[in-house]
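Worksheet for the structure shown next.
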Amino acid sequence: MNLRVVSRNVGFALLVSSLFMFLSVIVSLVNGHDSALPALGISFAITLVVGLFPFIFVRGSETITLKDGYMIIVLSWLLSFIFGSLPYLLWGGPFTIANAWFESVSGFTTTGATILENIEELPKSLLFWRSSTHFIGGLGVVVFLLMVIPNGSPIRLRLTNMEVSSMSRDGYRSGAGGTVRIFASVYLVITAAAILSYSLAGMSFFDAVNHGLSVGATGGFSTHSESIGFFHSTTINIITIVFMILSSVHFGMLYITFVTRSLKPLNNPVLRYYLLSLLVMSLISALSLKVNGVYGSWGEAFMDGTFHVVSYASTTGFAIADNAAWPMLPCFILIMMSIQCGCAGSTTGGLKCDRILILWKSIRRHVRLALHPSSVKEVRLGRVSLPDDEIFPFILYIAMYFFLMALSVIVCLVVGDNNSEALTGTLASLGNIGPALGDIGSMGNFNHLTATSKVMFSLDMFLGRVEIYPVLAVLSLMFHRKQR
């Protein structure tokens, strides 16, 4: 492993965090030197110095190996988590070491789960830092690095192939430079449009910025304990639904639709499946909420049902109602959507509906082959035929996902979590959803859980965001190195 190239590129990831810490310091100064100013100032100085250190004392190198690339990705995320927790730790309040780590990981992985029982007690600068971690994590700490590496650099090509999954790249039809440019431009446009829309809908500029950063990253951190429900605005609810959907579909598809001025790119089997699942599950949830008397009108039932189905499917985690009071059926639907989630090539977590659709088609194919062994059946996505060697990694990933889910549930049960918290907390963390059900549901928090559970859920968030393979690759490298 080339420590020089790894350290320099990981150092840049820390410089990105230091930039947003500096912006948070400015927010503190604008708001009358609020109580988080010392914590943010010290955190900024430490992160800046550590990030600059490799650039001062380590000579540059353009050579990168497969091992270096995986190490850069994993270390960039892990060190972002560590230094991102400093503002919380230094500010104090409810932030123990475990709580600060949990909040930082939840922010950077765009999960949106929180340990805060009263979000309003945080100073504005610290609230802005929370939302900034969503923005950094949504675009990806490695994607920030890729944006400044020259197009022809072998580092850029190698890291793009590792950081962006094969499902995501299929829709871009572009090289490494184009992939990063498309992802970043769509992400920034969605975020800016969300901020503008929220401002026009009546949010204060500060609230609009924070919620815009969250919804663009499908994160879910809010400036209020009641989340979007604080505003009691149908207009804001609808705006949030629209941007949660936009942020959870393939960015390459949105880019091509805009550039070509044609709706043909939207005629995609994965997108149709995703939108249809949102529609059907929203209608079933609304029907259940109305029939069970949770809401008196169909309008309220449909709004709340739709909002939360989209929120969980897009892995945003915003809320307008407390799902702890809901009947079992809509809660079960939220669990299902927490497993499937949104599309590849977006800021969502979870298994991705691309993999789920391929799984359904593979099952149907093998059932037909069992009935008609001599027939020739293929798994097709639109006009594309998928051979078995391309399908196998998707199925293997689903198997690993459920294995990790089971392992996490077992750990949480052993340390004392109840059955519901262990299962739904794991689903929400591994899928980067944020809220789960019950006491850790849409209006709840994770503060009452044990430190072990918080660490386990943090690991789930990390694996869900990075998508397992890079972490396994680094663990394998470390294991083989010890074996020598």
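The values are calculated or read from the model by the stated rules, or taken from the named source; none is laboratory data. Quick caveat, the model's predicted, so the values are computed rather than measured. Using ideal geometry, Cβ is built from the backbone for each residue, glycine included, and neighbour counts are taken over all protein chains shown. Side chains included, ligands, DNA and RNA excluded: accessible areas come from the protein's heavy atoms. Shrake-Rupley method; radii C 1.70, N 1.55, O 1.52, S 1.80 Å.
Classify the stretch 211-330 as rounded, prolate or oblate, taking a ≥ b ≥ c as the square roots of the eigenvalues of its Cα gyration tensor: rounded when a/c is under 1.5, otherwise prolate if a/b is larger than b/c and oblate if not. Display every interim value, and only then the final one.
On the way: a/c = 2.42, a/b = 1.48, b/c = 1.63.
It comes out oblate by the Cα gyration axes.
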Exercise. For the charge dipole of the chain, defined by +1 on Lys and Arg C-beta atoms and -1 on Asp and Glu C-beta atoms about the Cα centroid, which residue among Phe392, Phe230, Asn445 has the Cα displaced farthest towards the positive pole?
Worked result: Phe392
Exercise. Cα centroid distance between the stretch 405-484 and the stretch 247-319, in Å?
Worked result: 26
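Mind checking the per residue accessible area of the chain for me, 1.4 Å probe, whole number of Å²? Intermediate values should be presented prior to the final figure.
Working: 20020 Å² over 484 residues.
I get 41 Å² per residue for this part.
At a 1.4 Å probe, what is the % contribution of carbon and sulfur to the accessible area of the chain?
Working: 13540 of 20020 Å².
It is 68 percent, rounded to a whole number.
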Seminar exercise, completed: Only helices counted: for the chain, with every DSSP H run of 4 or more residues adding -39500 (n - 2.57) and the sum spread over all residues, [θ] at 222 nm is -22500 deg cm²/dmol
Exercise. Could you name the aspartates and glutamates in cross-link range of Lys290, using Cα to Cα under 16 Å and dropping any fewer than eight places away on the same chain?
Worked result: Glu300, Asp304, Asp322
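Compare Phe22, Phe221 by solvent-accessible area with a 1.4 Å probe and give them largest first, with all protein chains kept in place.
On the way: Phe22 90, Phe221 0 Å².
From most accessible down to least: Phe22, Phe221.
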Problem set entry | Distant-in-sequence amide H partners of Gly349 (H built 1.01 Å from N, under 5 Å) | Gly342
Exercise. From the phi of every residue in the stretch 299-304, what ³J(HN,Hα) in whole Hz does the Karplus formula 6.51 cos²θ - 1.76 cosθ + 1.60 yield, where θ is phi - 60° and glycine or proline is x?
Worked result: x, 5, 4, 5, 5, 5
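Run the numbers on the stretch 262-403 and let me know its relative contact order in percent, using alpha-carbon pairs under 8 Å that are six or more apart.
On the way: 155 pairs, mean separation 26.7, N = 142.
Across the stretch 262-403, relative contact order equals 19 percent.
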Exercise. Can you list the HN-Hα couplings for the stretch 270-281, worked out from phi with the Karplus curve (6.51, -1.76, 1.60; θ = phi - 60°), rounded to whole Hz and with x for Gly and Pro?
Worked result: 5, 5, 4, 4, 5, 5, 5, 5, 4, 5, 5, 5
Exercise. What lysines could a cross-link reach from Lys361, if we take a straight Cα to Cα line under 17 Å and drop same-chain neighbours fewer than 8 places away?
Worked result: Lys352, Lys377
Seminar exercise, completed: Listed by chain and number, the residues whose amide H is under 5 Å from that of Val379, excluding neighbours fewer than 5 places away on the same chain and using placed H, are Leu386
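If packing is taken as the average number of other Cβ atoms within 10 Å across a peptide's residues, how do 30-40, 309-319, 453-463 rank, most packed first? List each step's numbers first, then the result.
Working: 30-40: 17.6, 309-319: 30.0, 453-463: 24.1.
In descending order of packing, they fall as 309-319, 453-463, 30-40.
Counting only other residues whose beta carbon sits under 14 Å from that of Ala436, what net charge do I get with K and R as +1, D and E as -1? The partial results should precede the final answer.
Numbers: positive: Lys454; negative: Asp322, Asp417, Glu421, Asp439, Asp460.
Value of the local net charge: -4.
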Exercise. When we measure straight from the Cα of Lys124, which aspartates and glutamates land under 14 angstrom away, once same-chain ones fewer than 8 places off are left out?
Worked result: Asp34, Asp207
Exercise. Each residue of the stretch 465-472 in turn: what ³J(HN,Hα) in whole Hz from Karplus with 6.51, -1.76, 1.60 and θ = phi - 60°, glycine and Pro shown as x?
Worked result: 6, 7, 6, 6, 4, x, 5, 4
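About the Cα centre of the chain, how large is the charge dipole given +1 on each Lys and Arg Cβ and -1 on each Asp and Glu Cβ? Please answer in debye to the nearest 20. Could you put the intermediate results ahead of the total?
On the way: 29 positive and 24 negative charges, 401 e Å.
That gives a dipole near 1920 debye.
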